[in-house]
Amino acid sequence: MKRVISCIIIVLSLLFSGNNQTYAQVDEGASAFYKGEYAKALGILEPLADGGNYGAQYYLGEMYLKGVGVSKDAKKAAELFLKAAKGNYPFPQYRLGELYR
């Protein structure tokens, strides 16, 4: 299971990041998210999401949707998924569709 999660993290990070430094940061934030280190994940992902990184927006949206490390807020999650979906990536598009459903 850990191997599958690691593969997903790598694929998503590759899709969502624009350069190697950003890739490493999103990967670190995603890893912290999956390990349950939500404060660390928030500290890494929030500035990247504010800067327009689609991967960071996706993971931060997951945090708001689930209420882990932040207050549960489906509206905020939808806003983040919408921003990330504009990057033409399937994961945030799917999650946004689930919320609308």
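Please treat every number below as a calculation from the coordinates, not as lab data. Here the structure is a predicted model, which is why all the values come from computation and not from measurement. In this analysis, Cβ positions are derived from the backbone assuming ideal geometry, glycine residues included, and neighbour counts consider all displayed protein chains.
Here are some notes:
- Sparse packing (at most 13 other Cβ atoms within 10 Å of the Cβ) combined with a DSSP loop state is found for the following trypsin sites (Lys or Arg not before Pro) in segment 24-91: K72, K86.
- Karplus (6.51, -1.76, 1.60) ³J(HN,Hα), θ = phi - 60°, over segment 59-69, in Hz, Gly and Pro reported as x: 5, 5, x, 4, 5, 5, 5, 8, x, 10, x
- Overall form of segment 30-81 per C-alpha gyration tensor (a/c, 1.5; a/b vs b/c): oblate
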